[in-house]
Amino acid sequence: MTDTDAIPQPAGRTLWRGARLATLADPAGWGWIERGAIVTAGDAITWVGAESELPRDAGVTAEVDLGGAVVTPGLVDCHTHLVYAGDRAAEFELRLQGASYEAIARAGGGIRSTVAATRAADEAALFAAARRRALALRAEGVTTLEIKSGYGLALEHEARCLRVARRLGRELPLTVRTTCLAAHALPPEFDGRADDYVDAVCTWLPVLHADGLVDAVDAFCERIAFTPAQTRRVFEAARALGLPVKLHAEQLSDQGGAALAAAFGALSCDHLEYLSDAGIAAMARAGTVAVLLPGAFYFLRETKLPPVDALRAAGVPIALATDHNPGSSPTLSPLLMLNMACTLFRLTPEEALRGVTVHGARALGLHDRGRLAAGLRADFVAWGVEHPRELAYAFGQRPACRVVQGGREEPLR
Ligand code: DI6
Ligand code: FE
């Protein structure tokens, strides 16, 4: 993005008026302010409230009228696998003919086929494809995005994918957080040697971290991926570097992964269809966020629902994300995830919106965003709807929106 095609930015303190605010500032409720306004200075919010209560000394030097739009915090997509080459549409056809996701993976397809395509692509092509996907997410209100590696599965290729993610964060009006998911699948060169591969991953982490490429470490703890003992070794390597961990846990079976991750103070456990009561209790004690991924549940035609009532009862914060990836969730629509979380998982529209704002931020260890309040980052979205519940209601409609990230509104494209 060059300066010449950016929308002119008001300098000093900007009053964003004519807003109907869903601040999500309190632990429950929309935090609704009917005739609301936000004041920003640089990338921060300095004041939020009813327009009639704007302090005289707010120091406003510019005004933007949002025309009565509903304004929410910027969306946080806290779980994506955005950097890869190729697609898996042929695998989709195979699954429709009866082959299971697990069977395809065991036969060397699945994640491994994306690994082959990703290794064969050059870095510029990986960047161009990932950039297009990131811009599609942004056009639906995403201001903070997590991107996992996990389709390189060799030091050089994991590094390349993480570099692409970092470059997206530098070049696009988005905050990008990177997660190293080298323990995603066993690459072919390590066939039958999963423990050796985990040893290798543990030696890569310090190198990737030293290059500034890693904000968190994730693993896929599953029958078709890594055991809890192997996952533990990856987590120990992360802990030695002071890196927070997350886990793909209990997606296809109960491996006790969530309790293991919670013992490492995990930021989040993700998927969780097969999560046990013990796993829930461990997550509640550790303050670990439950990231639900309805896109993968839908696309793999899963039938076992994540234990939403028990998570609520235990007070575990619930986040939602697209899980964008070519195999199990090829969607670029966070709003569709809101709808699916309500229809499939019975979340309320308010819980769903919290899932992609305040709780999504927490799943990334970010406490400076996800709500509209003074002192937080000026990331917000003005939507062409009458009430925020419509964001979860109308699926596939892409309401018009204006996205402000770090106090700046950039064109959506
Ligand atoms: N679980 C998922 O849903 C994605 N990764 C994971 O561990 C799917 C990745 C893929 O199929 O390419
Ligand atoms: Fe995933």
Could you tell me whether ASP379 is under 30 Å from ILE280 (Cα atoms), away from ligand 1 (no atom under 16 Å from the Cβ) and of a type in the set (Asp, Glu)?
-> no
Counting just the residues of region 177-197 that are touching a residue at least 40 places away in the same chain (Cβ under 8 Å) and touching a Lys or Arg at 6+ places or on another chain (Cβ under 7 Å), which one comes out most open to solvent (accessible area, probe 1.4 Å)?
-> PRO188
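Just wondering, is there one or more residues in region 204-219 that are among the β-branched types (Val, Ile, Thr), surrounded by fewer than 22 Cβ atoms within 10 Å (Cβ to Cβ) and under 24 Å from ARG163 (Cβ atoms)? I'd like the intermediate steps shown before the answer.
Initially, region 204-219 is screened for residues among the β-branched types (Val, Ile, Thr), giving 207, 214, 217.
Within this subset, residues satisfying the condition of being surrounded by fewer than 22 Cβ atoms within 10 Å (Cβ to Cβ) are 207.
Add one more test, that the residue is under 24 Å from ARG163 (Cβ atoms), and what stays is 207.
Checked against the condition, which is being among the β-branched types (Val, Ile, Thr), surrounded by fewer than 22 Cβ atoms within 10 Å (Cβ to Cβ) and under 24 Å from ARG163 (Cβ atoms), region 204-219 yields at least one hit.
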Test for GLY192: is it part of a loop (DSSP other than H, G, I, E, B), over 21 Å from the mean Cα position of the chain (by Cα) and either away from ligand 2 (no atom under 16 Å from the Cβ) or not aliphatic (A, V, I, L, M) (or both) = yes
Which of the residues that make up region 390-413 are closer than 21 Å to VAL64 by Cα, of a type in the set (Gly, Ala, Ser) and open to solvent by less than 30 Å² (accessible area, probe 1.4 Å)?
-> GLY406, GLY407
Assess whether GLU158 counts as being of a type in the set (Asp, Glu), within 23 Å of ASP270 (Cα to Cα), in contact with a Ser or Thr (Cβ under 9 Å, 6 or more places away or on another chain) and touching a residue at least 12 places away in the same chain (Cβ under 8 Å).
-> yes
Could you please give the count of residues in region 236-260 that are more than 16 Å from ligand 1 (Cβ to nearest atom) and within 20 Å of ALA182 (Cβ to Cβ)?
-> 9
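Give the number of residues within region 203-221 that are at positive phi and assigned to a strand (DSSP E or B).
0
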So which residues in region 168-191 are in contact with a Phe, Trp or Tyr (Cβ under 8 Å, 6 or more places away or on another chain) and within 14 Å of ALA130 (Cα to Cα)?
-> LEU168
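Confirm whether VAL71 is farther than 27 Å from GLU146 by Cβ and under 29 Å from the mean Cα position of the chain (by Cα).
Judged against the criteria, VAL71 is not a match.
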Looking at this structure, is GLY74 in contact with a strand residue (DSSP E or B) (Cβ under 6 Å, 6 or more places away or on another chain) and more than 22 Å from ASP218 (Cα to Cα)?
-> yes
Within region 151-170, is there a residue that is out of contact with any Cys (no Cβ under 6 Å at 6 or more places or on another chain), away from ligand 1 (no atom under 16 Å from the Cβ), part of a loop (DSSP other than H, G, I, E, B) and within 20 Å of ALA120 (Cβ to Cβ)?
-> yes
Of the conditions (1) open to solvent by less than 10 Å² (accessible area, probe 1.4 Å); (2) over 26 Å from PHE264 (Cα atoms); (3) of a type in the set (D, E, K, R), LYS148 fails just one. Which one is it?
-> (2)
Hey, LEU292 hits all of (1) away from ligand 2 (no atom under 14 Å from the Cβ); (2) farther than 30 Å from ARG193 by Cα but one; which does it fall short on?
-> (1)
LEU168 vs. criteria within 16 Å of ligand 2 (Cβ to nearest atom) and crowded, with 17+ Cβ neighbours inside 10 Å | no
So which residues in region 95-112 are within 18 Å of PHE299 (Cα to Cα) and within 16 Å of ligand 2 (Cβ to nearest atom)?
-> TYR101, GLU102, ALA105, GLY110, ILE111
Residue in region 217-229 that is small (Gly, Ala, Ser) and within 16 Å of ligand 2 (Cβ to nearest atom) present = yes
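Say whether the condition of being within 16 Å of ligand 2 (Cβ to nearest atom), open to solvent by 20 Å² or more (accessible area, probe 1.4 Å) and at negative phi is met by at least one residue in region 349-369. Break it down stepwise before answering.
The initial filter retains those residues of region 349-369 that are within 16 Å of ligand 2 (Cβ to nearest atom), namely 355-356, 360, 363-364.
Retained after the next criterion (residues that are open to solvent by 20 Å² or more (accessible area, probe 1.4 Å)): none.
Within region 349-369, none of the residues are within 16 Å of ligand 2 (Cβ to nearest atom), open to solvent by 20 Å² or more (accessible area, probe 1.4 Å) and at negative phi.
The values are calculated or read from the model by the stated rules, or taken from the named source; none is laboratory data. These numbers were taken from a predicted model, which means no experiment stands behind them. Ideal geometry is used to build each Cβ from the backbone, glycine not excepted, and the neighbour counts take in all protein chains shown. SASA here: full protein model, heavy atoms, side chains in, ligands and nucleic acids out. Shrake-Rupley method; radii C 1.70, N 1.55, O 1.52, S 1.80 Å.
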